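A quick write-up on the structure given underneath.
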Amino acid sequence: MKKIALAKIDSLLEAISKDMNLFAPVDNKSTVNYAEWKSGDVAVFDKMTVRSAKDAFFPQCENMSKFSRDQDNKIIIDKLETCDKDFVVMGVRGCDIKAIAVLDKVFLSEPVDTFYAARRDHSILISLSCSKPEETCFCTTFGIDPAQPKGDVEMYIVSDYAYFNTVTAKGEKLISSLNNLLENAKDSDIDSAKVATRDIMCKLPLHDVTTDGWGAGVLEEMFNRPEWEQLSSSCIGCGTCTYVCPTCQCYDIRDYNGSNGVTRYRCWDSCMKSDFTMMAHGNNRTTQLQRFRQRFMHKLVYSPANNDGEFSCVGCGRCVAKCPVSMNIVKVIKTMGGEKL
Amino acid sequence: MQGLEKKIKDRASELLQSGAVDGIIGWEKGQFEYDPTPAVFTKETGLDNLCYNNFCGANLSKYLVGKITSDKKFAVLLKPCDTYSMNQLITEHRVNRSNIYIIGIGCNGHLNVEKIKAQGISGITAVSASDDHVNISTIYGDSKLAKKEILLGKCEVCRGNVHVIFDELIGEELQTPKPDDRFEMVAKLEAMTAEERFKFWQGELSRCIRCNACRNACPACTCRVCVFDNGRSGIEAKANASEFEEQMFHIIRAFHVAARCTDCGECSRVCPENIPLHLLNRKYVKDINEFYGDYQAGDIAEQRNPLVNFGDDDIEPTTVSDKGGQK
Ligand code: SF4
Ligand code: SF4
Ligand code: SF4
Ligand code: SF4
């Protein structure tokens, strides 16, 4: 276990970012978002980011290949490079750590997504133990322990210090390169903080949300429930919930036809949107009820059915905090699941 | 507020029971004090959850656009500011007035939970407001904030407690907050150099995630298929491919709602990245006031706005450009 005074944490960030890109929650005055940390930026570890850590592996928009013509009018295909440099993602909370495991199942199973896989291979994760969970958090519903999330390095903030516990060889390498900035600490220094976090979790207003009634095997029943109509009637189909969600994984691939050829890119897509999976014959989900139902059925029924019972919600609460009309997965879970609102 | 909520519930129950309306569009109680959800109540039993508290900022008028082809009749709860949007929707034939029963409800300003959280307050378990103060209980302790500091942006510049259209009123005696100068920030932006202004907007808009919440919540954005969602338009976009594009989306949207935007504040209220989008629209409102005389979209139903109403004394476009935008 190592530690550094919080007052000096910038020197640590400075040292990491000298050799590698450092992705961390950065304060941009009106919101906190993950961004490449640069000298002078303020890293914030006690506030939930609007967007999640998935941006580091699965950015909202990325170019995949380029097509152009040479002098003889032959088509040239440029496959764009995948990530080939190590980078650090710092301050990843328990919910987002679990979310990466959810994304891994999708992007790393055959056929492997090479862009995602390259970023995962080159990333060093510094997880963060939550010290001030918010009222929107309900990660414990999904069996997550926010007091000790697993990264290559675990980070704990206790009073005026940040503590670092190395877990993997990658993490060990990073922390030993920073040795001159870090002091030695005892493993037991963080014990009381962990207990405190677990205590707080039991006091949060959403701590008793249960997934009873959801999961594999209830497809027909849940799909046809009449409550979808009432719930979806509030939804304005904006897609905020899907874009801030750490496990939402849908994307669209498009060609941008510019004067110097064609760039093929992909960008996030959202099942909440009217043009999602548009095909030649039109769209197969034509009402907001169908789109709305898709998002929650995916997280709470289809995912567990295909992934040994694993839900694809991690209880981060971002959609709870950010939906413009305050409709969200907790309201859906409670309305149709075991516990009634 | 609780007395008012009770009155609204009672009236809603009467309306449903008598069959005068088939549904009531209102707000449904959430899990915290600050998250009521717009909802349609069709059964009296559901009315227990109807709520009207300090966090009912959402403008419900747009929910009627989707009901235009319905043969059912809906009552809708509208705050004073929301009634301007309703008039504008009627003007544009985007709602069916004969199937709408408007209940104008009193308002003393709504709160913005983002502003509460920006003070470092989290773990909120209860919120209660008096005339000028708001008490917030959290699992980490209690705080007391001045109500003025945490009002929704639109309520800071409220146009007053007059409902410009209604079928009946409940609680209209409530006093809306004293407004600040609505154009102060626009004037500040106008006073900047072009470079400073560009930097300001780049800083704000670069956070945009193109969720389109601003557009989808906007009561003036009622195109059946938005040009940005239409694969055949050639400019469909699901993400901002560049910083240029994110500006295009917002500027095109602002132009499209110019003189139709009632300045209801929904765009900025719903933005998950807290981008002050209303400032773009408010710039057009200010320009229109200066070029054509004071104009408020939606204050009268069926009026023609200055941009579609040619008059002999209209300002010449060349005058505007010669003077760098000054009349
Ligand atoms: S649930 Fe909320 S955030 Fe998600 S699409 Fe609907 S309105 Fe937008
Ligand atoms: S569905 Fe909502 S709470 Fe669940 S992981 Fe996604 S954003 Fe978080
Ligand atoms: S702008 Fe005025 S009328 Fe509208 S919600 Fe705010 S205080 Fe109420
Ligand atoms: S609501 Fe905000 S983030 Fe979403 S599209 Fe509009 S400006 Fe962008």
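Might you check whether a residue that is in a strand (DSSP E or B), open to solvent by less than 20 Å² (accessible area, probe 1.4 Å) and in contact with a helix residue (DSSP H, G or I) (Cβ under 6 Å, 6 or more places away or on another chain) occurs anywhere in segment A:143-150? No, segment A:143-150 has no match at all. For the residues B:ILE68, B:ILE25, the requirement of being aliphatic (A, V, I, L, M) and touching a helix residue (DSSP H, G or I) at 6+ places or on another chain (Cβ under 6 Å) singles out B:ILE25.
Within 10 Å of chain A (Cβ to nearest Cβ), touching an Asp or Glu at 6+ places or on another chain (Cβ under 6 Å) and under 23 Å from B:ASP263 (Cα atoms), is that true of B:THR37? Spelling it out, B:THR37 is indeed within 10 Å of chain A (Cβ to nearest Cβ), touching an Asp or Glu at 6+ places or on another chain (Cβ under 6 Å) and under 23 Å from B:ASP263 (Cα atoms).
Do you know which of the residues in segment A:108-125 that are of a type outside the set (Val, Ile, Thr) and in a loop (DSSP other than H, G, I, E, B) is surrounded by the fewest Cβ atoms within 10 Å (Cβ to Cβ)? For segment A:108-125, the residue satisfying everything is A:GLU110.
Looking only at segment A:267-318, residues that are within 13 Å of ligand 2 (Cβ to nearest atom), open to solvent by 10 Å² or more (accessible area, probe 1.4 Å) and assigned to a loop (DSSP other than H, G, I, E, B) come to 5 in all.
Of the residues B:CYS81, B:CYS51, the single one that is within 13 Å of chain A (Cβ to nearest Cβ), under 27 Å from B:ASN274 (Cβ atoms), out of contact with any His (no Cβ under 9 Å at 6 or more places or on another chain) and modelled with pLDDT of 95 or more is B:CYS51.
Residue by residue, here is whether (1) within 21 Å of the chain's Cα centre (by Cα); (2) in contact (Cβ under 8 Å) with a residue 60 or more places away in the chain holds:
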residue	(1), (2)
B:LYS7	no, yes
B:LYS29	yes, no
B:THR37	yes, no
B:PHE41	no, no
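Once segment B:267-292 is narrowed to residues that are away from ligand 4 (no atom under 12 Å from the Cβ) and touching a Pro at 6+ places or on another chain (Cβ under 8 Å), the residue that is most open to solvent (accessible area, probe 1.4 Å) is B:TYR292. Note on segment A:237-264: among residues that are within 11 Å of chain B (Cβ to nearest Cβ) and open to solvent by 40 Å² or more (accessible area, probe 1.4 Å), the one that is farthest from ligand 2 (Cβ to nearest atom) is A:ASN257.
Looking only at residues in segment A:182-213 that are among the β-branched types (Val, Ile, Thr) and either on the phi > 0 side of the Ramachandran plot or assigned to a loop (DSSP other than H, G, I, E, B) (or both), the one that is least open to solvent (accessible area, probe 1.4 Å) is A:VAL209. Of all the numbered requirements in (1) more than 30 Å from B:LYS148 (Cβ to Cβ); (2) in a helix (DSSP H, G or I); (3) open to solvent by 30 Å² or more (accessible area, probe 1.4 Å), B:LYS62 misses one, and that requirement is (1).
Under 6 Å by Cβ, and 6 or more places apart or on different chains, what pairs join a residue from segment A:227-242 that is within 12 Å of ligand 4 (Cβ to nearest atom) with one that is open to solvent by less than 20 Å² (accessible area, probe 1.4 Å) and among the charged types (D, E, K, R)? Here the result reads A:GLY239/A:LYS273, each pair linking segment A:227-242 to a residue that is open to solvent by less than 20 Å² (accessible area, probe 1.4 Å) and among the charged types (D, E, K, R). Screening segment B:234-264 for residues that are part of a loop (DSSP other than H, G, I, E, B), farther than 20 Å from A:ARG51 by Cα and at pLDDT below 80 and picking the one that is farthest from ligand 1 (Cβ to nearest atom) gives B:GLY234. Could you check, for segment A:25-33, whether at least one of its residues is over 22 Å from B:GLY120 (Cα atoms), crowded, with 18+ Cβ neighbours inside 10 Å, out of contact with any helix residue (DSSP H, G or I) (no Cβ under 9 Å at 6 or more places or on another chain) and within 14 Å of chain B (Cβ to nearest Cβ)? The answer is no; no qualifying residue exists. For A:ALA35, indicate whether it is under 24 Å from the mean Cα position of the chain (by Cα), part of a strand (DSSP E or B) and without any contact (Cβ under 8 Å) to a residue 24 or more places away in the chain. In short, yes. Are there any pairs, at least 6 apart or on different chains, whose C-beta atoms fall under 6 Å, with the first in segment B:76-87 and closer than 19 Å to B:ALA12 by Cα and the second modelled with pLDDT under 95, and if so, which? Every condition considered, the pairs that remain are B:PRO80/B:ASN161. Among the numbered conditions (1) more than 8 Å from chain B (Cβ to nearest Cβ); (2) within 10 Å of ligand 1 (Cβ to nearest atom), the only one that A:THR277 does not meet is (2).
Mind checking whether some residue in segment B:252-263 is out of contact with any Lys or Arg (no Cβ under 7 Å at 6 or more places or on another chain) and surrounded by fewer than 16 Cβ atoms within 10 Å (Cβ to Cβ)? For segment B:252-263, residues out of contact with any Lys or Arg (no Cβ under 7 Å at 6 or more places or on another chain) and surrounded by fewer than 16 Cβ atoms within 10 Å (Cβ to Cβ): present. Here B:GLY203 does not fit the description of being part of a loop (DSSP other than H, G, I, E, B), open to solvent by 20 Å² or more (accessible area, probe 1.4 Å) and more than 16 Å from ligand 3 (Cβ to nearest atom). Taking segment B:293-319 as the range and being surrounded by 12 or more Cβ atoms within 10 Å (Cβ to Cβ) and acidic (Asp, Glu) as the test, the residues that pass are B:ASP299, B:ASP314.
Restricting attention to segment B:213-229, the residues being within 11 Å of chain A (Cβ to nearest Cβ) and open to solvent by 50 Å² or more (accessible area, probe 1.4 Å) number 2.
State whether one or more residues within segment A:287-307 are within 12 Å of chain B (Cβ to nearest Cβ), out of contact with any strand residue (DSSP E or B) (no Cβ under 8 Å at 6 or more places or on another chain) and in contact (Cβ under 8 Å) with a residue 60 or more places away in the chain. Looking for residues that are within 12 Å of chain B (Cβ to nearest Cβ), out of contact with any strand residue (DSSP E or B) (no Cβ under 8 Å at 6 or more places or on another chain) and in contact (Cβ under 8 Å) with a residue 60 or more places away in the chain, one finds at least one in segment A:287-307, hence yes. Taken together, the residues in segment A:214-236 that are surrounded by 15 or more Cβ atoms within 10 Å (Cβ to Cβ) and more than 14 Å from chain B (Cβ to nearest Cβ) amount to 5.
Screening A:ASP41 with (1) surrounded by 16 or more Cβ atoms within 10 Å (Cβ to Cβ); (2) closer than 30 Å to A:LYS105 by Cβ; (3) of a type outside the set (A, V, I, L, M, F, W, C) gives one miss only, at (2).
Report yes if some residue within segment A:87-94 is part of a helix (DSSP H, G or I) and either open to solvent by less than 50 Å² (accessible area, probe 1.4 Å) or out of contact with any Cys (no Cβ under 8 Å at 6 or more places or on another chain) (or both); otherwise report no.
yes
Does A:GLU221 satisfy the criteria of being under 30 Å from B:ARG269 (Cβ atoms) and charged (D, E, K, R)? When the stated conditions are applied, A:GLU221 does not pass them. Taking the criterion of being open to solvent by less than 80 Å² (accessible area, probe 1.4 Å), over 30 Å from B:ARG97 (Cβ atoms), more than 9 Å from ligand 3 (Cβ to nearest atom) and of a type outside the set (A, V, I, L, M), the residues of segment B:141-183 that qualify are B:GLY141, B:SER143, B:LYS147, B:ASP180, B:PHE183.
The values are calculated or read from the model by the stated rules, or taken from the named source; none is laboratory data. Just so you know, these numbers come straight off a predicted model, no measurement behind them. Counting neighbours? That spans all protein chains shown, and the Cβs are built from the backbone with ideal geometry, glycine included. Ligands, DNA and RNA are excluded from the accessible area calculation, which covers all protein heavy atoms including side chains. Shrake-Rupley method; radii C 1.70, N 1.55, O 1.52, S 1.80 Å.
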